[in-house]
Amino acid sequence: MAKLTINGKFIEVKDGTLILEAAKQAGIEIPTFCYQADLSRIGACRICLVEIAGQRKLMTSCTTPVMEGMEVNSESAAVQESRKGVIEFFLSNHSLDCPVCDKAGECELQDMVYKHGPRKGSFKEKKIRFHEKDYPLSPVIIKNSNRCVKCTRCIRVCRDTVGVGVLGSMGRGAHQEETSFLRTYLDCDHCGNCIEVCPVGCFMRRPYRYKSRPWDLKSADTICPYCATGCTSKIQERDGEVVRSISKMGKGVNNELLCARGRFGFDFISNEDRLTTPLMRKDGELVPVSWDEALESLAVNLGAFAPERIGGIASARLTNEDLFLFQDLMRSAFKTNNIDSSARWNRDSVSAFIKATGINEGGVSLRGALEGVDAIFIVGTQISEENPVTDYLLRRSFDSRWVFTMIASARAMKLDSCAQLTMRHDPATENALLTAIAKVIFDDAGEKAAGLDCAELFKDLSLKDLSDESGVDQSDIGAAARKLFGSESATFFAGTEFLRFPDGLRGFSLLKELLTALGKKITVVPVLDRCNQRGAWDMGVHPAFGPGYEPVENPGLGNAGMLEAADARQLDALYIAGVDILNNYPDFETAEKALSKLQYLVVNELFLTGTAAMADLVLPVASFAEKAGTMTNQEGRVQSMSPLMKPPGEARTAHDIFSALLKAHDFEFNVAKPKGTFEKIQANVKSYADVELLNERSDKSLTGESGNTVSSSILEKEADEEDQTPAYTAEDLPLTLITGNHLFYSGMLSSRSATLGSLLKEAIVEINDTDAKKYDLKSGDHVTVTGRYHEGRYAVRVKNGSRKGVAFIPENFKTGPVNRFFRKGEWSQKVRLKKVDA
Amino acid sequence: MLTEEAKKAIKEVMKRYKTKRAAVMPALTIAQDDVREVTAEDMLEIAEMLEIQPVIVNEVAKFYTMYNVQRKVGKYHIEVCHNISCNLLQAERIIAHIENRLNIKVGGTTTDGKFTLSTAECLGSCGTAPMMQINDTYYEDLTETKVNDILATLKSRD
Ligand code: SF4
Ligand code: SF4
Ligand code: SF4
Ligand code: FES
Ligand code: FES
């Protein structure tokens, strides 16, 4: 600790604290421009100069650490004088066009001039102008360099945190301009973090341009509706249209960071295709009906079937409150355990994933999981595309503390450049790879491991076979093993590939158990791609367990089981809340067949999706911007969101709908606001009992232990039938097709966002550079992708460094939906590419 | 577009450094030699060779006034220092004088493509201000007469 005085005020702070930060702790504000906590420090703008007794010159408080006995003055005459000078200097070339600047009203320069600035400038020279008109840098970014204060925050956030580095400082001195390569269009993450950090109106949002003044906006704190990183943001509306989503330093897991989806993907809210009235099928047509008629028909119709002939699938985008009521409705009103929270993940894979990652045992914090850890192993997740801000946060953490990082995946990813070891394996071979690593550790551990339960298991394993199967060199396997063996603690990031290819969980659990048995501290951070997937499981939206992972007596069917039962006419009615099964389930044909055989299909939706169009009853619901509730991110952080506006037309919140149905079934049921439901959740889910939603906004992770375990040995498929149609041989179909989220596409919502749509205009198939050469393809070429069951047209993207022989088509393209290539819930297929003319 | 020769030279020069990116300045010099211009394609190709983002090549090229980014200069590139020392000793007059003699403005090139006039910041020769640099040569303690002589000599060369 160091003792010092600032403006005569005595304070004591940790050694190494910057004067600026010490001042902040003492409640003294020092103006800054180039400084931003969490960005590298450059001390370039000189606005934060302070006087230090005994120092001849003023010092930058944003780069100078405190020293014992320091006497700092941040408001002396000399400081004020120099501050005025610096501001005058900023203004010497600044265009001062506040009346037409989007930033006016929330501009740091404006505020600063108002507070400290000279009222008059003494420069007579003509101002330097970089350009006449603002110029677009991407479909979402527009730039005005005439307003720049040259703080380089934009460049640093892009380079050091986002890891893209497509911005630079061109020229020098007063002529310096921060922009892209020759001001050309950016090929980047389009995350807009450069916009967020820019203190003035240089980087601006194109979709928000000239739409409003900040003081005319109404705001609500919310949670991003895309991935489970759980970024918090403020969404803002004007005249009934959501125009902006912003993030702030010091708020949420993400601070000022968001990805393209979180920053620009909200416009589906005002999409004019939103459903506004209940629709009921009459004489084969969906026609508008009143809510009374709709809800009554729902209760009567669903109630008419035997419990085992009913099922429910709810989206992992719903709030905890919605999901809790949904499972309560299905279980207590319709008496069935046939419920699931996704149409993508197999019931038993989910149980195994939960067990292997310890989700049921309580939360982990990302920050905590990185603190002091010796090694990081990222496996089974496309973190850079599926959970972009998790990628940014990891990269940022490496800035302050370097940790040995390993990445195993089939596809290359942006985070690779932060890793010391990358292993490119064949799709769906996580089991072989992780088992191989475990085997090397086991052999190296010798005596120490000999007595372990798993010892038997390793005896007959051949490292060579495992290495061949996964396609990863023995030397890399050895390096990963030795690093883990030599570490005292390691953090694993394990994601959705394990849900697609649950076999990998075997190797994962083996490795984890072995390391734990050898005395290593292992932390697992689950990486999930839907905002409330964890919450959905916590709430018990699963056929085998209820709220708090309490096993149920007669486990029901999962999504695959329900579809299969429907196909066999053993299930008659389905209630689907917000899942577009036809687009999500990895077997389009089966899904379509199954749904068409149902006697009664109810769908809660924002849009008339393919699934909704098949329904007998469609209920229009509120989007995330129109409701209150909580969501639990991948770490187990329970966060609340508040409504910004009313849902369109007659749309209602899912919570209202489920409450009404519960009430119709049980008159005792107390219809409550989401807050009341949250109290119920707290009473039922042990780990939520002491979560406090402070100011409707909580950072608290789940820490309690739920104590329940999920049934193990669950790697058998629900339906295991041999496929009888091997129409092609391996030579015909040389590539393995896999899928996952794209940076700009994840889930149904993204496909309804015009802005996200503008970032990637056509459906793509991604291959690596070797294969591109082999098939004479380059980015931008068009191909037909032919699989056993489907053929589609895609634009080629070449990604250097991915595994050869792998083709990747993202989920959720409206044209070219990838699930048509798959069958029987299997997430990979053999395909071939053939070039076609544009 | 980099010529095959230029590419070879860049590959050669890359060997001198521990990291590829360290070769960015010599690479730009090689690209600019002979043609007296660094084009967009040159920067993209250099970026690819050095495995860095094109914007980094762009930054370096724009930082140093010796690189003529997307600007074809005349055979003789005159860069007159107009920083403090030189300016105190009448650099502005020298600049105006050259403008008159060559009938071009700062930034311009004579119609025969022989001369381009630019201004430069301190070239580290304050002791002999005012001064200018033409291609790789310094001309110091300038006076208007001296400038006339220099221009005449260069004009007579082809
Ligand atoms: S949008 Fe993101 S990736 Fe693109 S330039 Fe800005 S900070 Fe960089
Ligand atoms: S564009 Fe904005 S963030 Fe970038 S240097 Fe200029 S003022 Fe700073
Ligand atoms: S990282 Fe995930 S939660 Fe964060 S803004 Fe992007 S999609 Fe939203
Ligand atoms: S904020 Fe300290 S120098 Fe810019
Ligand atoms: S000011 Fe001209 S050389 Fe230094």
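The table that follows gives values for the structure above.
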| read-out | value |
| --- | --- |
| Selection count, region A:102-119, where residues are touching a helix residue (DSSP H, G or I) at 6+ places or on another chain (Cβ under 8 Å) and among the acidic types (Asp, Glu) | 1 |
| Tally of residues being of a type in the set (Val, Ile, Thr), at negative phi and either touching a residue at least 40 places away in the same chain (Cβ under 8 Å) or within 16 Å of ligand 3 (Cβ to nearest atom) (or both) across region A:140-156 | 4 |
| Among residues of region A:153-182, those that are at the interface with chain B (Cβ under 9 Å from one of its Cβ atoms) and either in a loop (DSSP other than H, G, I, E, B) or of a type in the set (S, T, N, Q) (or both), counted | 10 |
| A:Gly230 vs. criteria more than 14 Å from every other protein chain (Cβ to nearest Cβ) and under 23 Å from the mean Cα position of the chain (by Cα) | yes |
| Condition broken by A:Ala294, with the remaining ones in (1) at pLDDT below 95; (2) buried (at least 16 other Cβ atoms within 10 Å of the Cβ) satisfied | (1) |
| Count of residues meeting criterion [in a helix (DSSP H, G or I) and more than 13 Å from chain A (Cβ to nearest Cβ)] in region B:49-77 | 2 |
| Subset of region A:9-55 (residues that are within 16 Å of A:Val149 (Cβ to Cβ) and either small (Gly, Ala, Ser) or within 16 Å of ligand 3 (Cβ to nearest atom) (or both)) | A:Gly43, A:Ala44 |
| Residue check for A:Pro199: buried (at least 19 other Cβ atoms within 10 Å of the Cβ) and under 20 Å from the mean Cα position of the chain (by Cα) | no |
| Tally, over region A:40-87, of residues that are out of contact with any strand residue (DSSP E or B) (no Cβ under 8 Å at 6 or more places or on another chain), of a type in the set (Gly, Ala, Ser) and within 16 Å of ligand 2 (Cβ to nearest atom) | 2 |
| Restricting region A:144-174 to residues that are among the β-branched types (Val, Ile, Thr) and within 24 Å of B:Met66 (Cβ to Cβ), the residue that is farthest from ligand 1 (Cβ to nearest atom) | A:Thr152 |
| Region A:187-225: number of residues that are within 14 Å of ligand 2 (Cβ to nearest atom) and in contact with a Gly (Cβ under 7 Å, 6 or more places away or on another chain) | 1 |
| In region A:373-402, the residues that are at pLDDT below 95 and touching a Gly at 6+ places or on another chain (Cβ under 9 Å) | A:Arg401 |
| Considering residues of region A:1-39 that are among the polar types (S, T, N, Q) and away from ligand 2 (no atom under 16 Å from the Cβ) only, the residue nearest to the other protein chains (Cβ to nearest Cβ) | A:Thr17 |
| Which listed residue is free of Cβ contacts under 8 Å to residues at least 40 places away in the same chain and either within 14 Å of another protein chain (Cβ to nearest Cβ) or among the charged types (D, E, K, R) (or both), from B:Glu4, B:Glu45 | B:Glu4 |
| Any hit, region B:16-39, residues being within 14 Å of another protein chain (Cβ to nearest Cβ), assigned to a helix (DSSP H, G or I), under 26 Å from A:Glu178 (Cβ atoms) and free of Cβ contacts under 8 Å to residues at least 24 places away in the same chain | no |
| Single residue of A:Gly85, A:Gly117, A:Gly165, A:Gly173 found to be more than 16 Å from ligand 5 (Cβ to nearest atom) and surrounded by fewer than 16 Cβ atoms within 10 Å (Cβ to Cβ) | A:Gly85 |
| For A:Asp15: the one exception among (1) under 37 Å from the mean Cα position of the chain (by Cα); (2) surrounded by 14 or more Cβ atoms within 10 Å (Cβ to Cβ) | (2) |
| Residue satisfying all of: in region B:115-139; surrounded by 16 or more Cβ atoms within 10 Å (Cβ to Cβ) and not hydrophobic (A, V, I, L, M, F, W, C); farthest from ligand 2 (Cβ to nearest atom) among these | B:Tyr139 |
| Helices (runs of 4 or more DSSP H) lying entirely in region A:451-553 (those with 3 or more residues that are over 25 Å from A:Asp348 (Cα atoms)) | A:455-459, A:463-470, A:474-486 |
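Every residue, every condition in (1) under 30 Å from A:Asp348 (Cβ atoms); (2) assigned to a strand (DSSP E or B); (3) modelled with pLDDT of 95 or more; (4) among the hydroxyl-bearing types (Ser, Thr, Tyr), yes or no:
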| residue | (1), (2), (3), (4) |
| --- | --- |
| A:Lys773 | no, no, yes, no |
| A:Thr784 | no, yes, yes, yes |
| A:Arg797 | no, yes, yes, no |
| A:Ala807 | yes, yes, yes, no |
| A:Glu811 | yes, no, no, no |
| A:Thr815 | no, no, no, yes |
| A:Trp827 | yes, no, no, no |
| A:Arg832 | no, yes, yes, no |
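One line per residue, one yes/no per condition, for (1) closer than 16 Å to B:Asn58 by Cα; (2) hydroxyl-bearing (Ser, Thr, Tyr); (3) surrounded by 18 or more Cβ atoms within 10 Å (Cβ to Cβ); (4) touching a Phe, Trp or Tyr at 6+ places or on another chain (Cβ under 9 Å):
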position	(1), (2), (3), (4)
B:Val13	no, no, no, no
B:Arg16	no, no, no, no
B:Thr19	no, yes, no, no
B:Ala27	yes, no, yes, no
B:Ile30	yes, no, yes, no
B:Val35	no, no, no, no
B:Thr39	yes, yes, yes, no
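The values are calculated or read from the model by the stated rules, or taken from the named source; none is laboratory data. Only a predicted model underlies this, so the values are computations on that prediction, with no experimental measurement involved. Because the Cβ atoms are built from the backbone with ideal geometry, glycine has one as well, and the counts that use them run over all protein chains shown.
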